[in-house]
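Single-structure report; data block below.
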Amino acid sequence: AGEFTGSLDNGGENLTLVDASGGNLLNFAYNDSGSWPGRADGKGSSAELERIGDLSSTQPELNTELANGDKWRPSSEFHGSPGRDGAGPDNRVVFNEILSNSDPPEVDVFELFNTQGGDLDIGGWFVSDDAGEFKKYRIADNTVLPAGGLLTFDASEFNNVANAESLVPFALSGSKGDDLYLLEPDATGNLLRFIDRVEFGAAAAGESFGRWPDGSSGELYPMTSQTFGLLNESGGNAVRVGSL
């Protein structure tokens, strides 16, 4: 169809598509801040439209919609999906509960939940708290996450220089908050897709954050009790609500 010989500005710029006679077909600006997907700003994803079929077919409405960061999402495919449809959010496995401000003798913990109806072999997948280095902790080969099941990993595994799978040991920041990424590689270790990513803020000592309901892909909420290895709704557990 043609060859693109330019480059796209990392900080955002205007994009224009013209027809053979020089008439504007599209004319809009993308950005790398605000409502635009942050993971597309050099953190492994491309920005892709969420629902192409919902866009206007007339101008100037179409240009206005394309310039709205809320219409775009980060690709689940690592480095995007040029030339083919994006698969959209993966979420076969999600971070279901996290303890980031552990109260000794407790240690940092994260829990994974299989949202699928079949078992998943997650051996070789990577977990990281840093978009600058996604290969920090490698889940051991032949690790099977049962359908609808849970697996927990604590600091003795991902923050342990003596553990060969702890490639870059890391701890979760309970005082400032942190991010966690789960990525699937191919058979040779090349990153293929983002499975899940969560962001959480500062935590009270000993208080875990959990997905509500279990296995959902929304935000994490502080909970009244830790339920690692069990569903977050177990034992009458609930989202912790303040006095206001």
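The values are calculated or read from the model by the stated rules, or taken from the named source; none is laboratory data. Quantities reported herein were computed from a predicted structural model and do not represent experimental measurements. Positions of Cβ are generated from backbone atoms using ideal geometry, with glycine treated the same way; all protein chains shown enter the neighbour counts. Keep in mind that these areas ignore ligands, DNA and RNA; they rest on the heavy atoms of the full protein, side chains included. Shrake-Rupley method; radii C 1.70, N 1.55, O 1.52, S 1.80 Å.
Multiplying the residue separation of L15 and L55 by 0.36 nm and subtracting their alpha-carbon distance yields 12.7 nm. Across region 75-84, computed HN-Hα scalar couplings (Karplus, 6.51 cos²θ - 1.76 cosθ + 1.60, θ = phi - 60°) run 5, 6, 5, 5, 6, x, 9, x, x, 8 Hz from first to last residue, x flagging Gly and Pro. Legend: P(r) of region 1-112 from all alpha carbon pair distances, 5 Å bins from 0, whole percents, reading 2, 9, 14, 18, 18, 13, 7, 6, 5, 3, 2, 1, 1, 0, 0.
Show that you can apply the helix-only estimate: for the chain, add -39,500 (n - 2.57) for every DSSP H stretch of four or more residues, divide by all residues, and state [θ] at 222 nm to the nearest 500.
Working: 2 runs with 10 residues, N = 244.
Value at 222 nm, helices only: -1000 deg cm²/dmol.
Summarising the label geometry, the points placed 7 Å from Cα in the beta-carbon direction at V144 and V161 lie 3.6 nm from one another.
Grab the beta carbon distance between L8 and A87, set R0 = 25 Å, and tell me the FRET efficiency rounded to 0.05. Once rounded, the FRET efficiency stands at 0.65.
W212 sits with roughly 70 Å² accessible to a 1.4 Å probe, with DNA, RNA and ligands left out of the calculation.
Exposure check, 1.4 Å probe, all protein chains in place: K43 carries approximately 80 Å² of accessible surface.
Peptides 189-195, 100-106, 111-117 ordered by packing proxy, namely the average of other Cβ atoms within 10 Å per residue, highest first: 111-117, 189-195, 100-106.
In the elastic network of the chain, a GNM with C-alpha springs shorter than 10 Å, the most mobile of D129, D19, D90 is D19. Amide hydrogen proximity for M223: with H placed 1.01 Å from N in the peptide plane, the residues at 5 or more positions away or on another chain lying under 5 Å are S208, G210, R240. With every protein chain in place and a 1.4 angstrom probe, the accessible-area ranking of F110, F78, largest first, reads F78, F110.
A 1.4 Å probe run over region 162-244, with the rest of the protein chains in place, finds 51 Å² accessible per residue. With the Kirkwood sum run over all distinct C-alpha pairs, the chain has a hydrodynamic radius of 20.0 Å.
At 10 °C and 1.306 mPa s, grab the translational diffusion coefficient of region 146-244 from Stokes-Einstein with a Kirkwood Rh over Cα pairs, rounded to a whole number in µm² per second. Spell out each step's value before the answer.
On the way: Rh = 15.5 Å.
Answer, rounded: 102 µm²/s.
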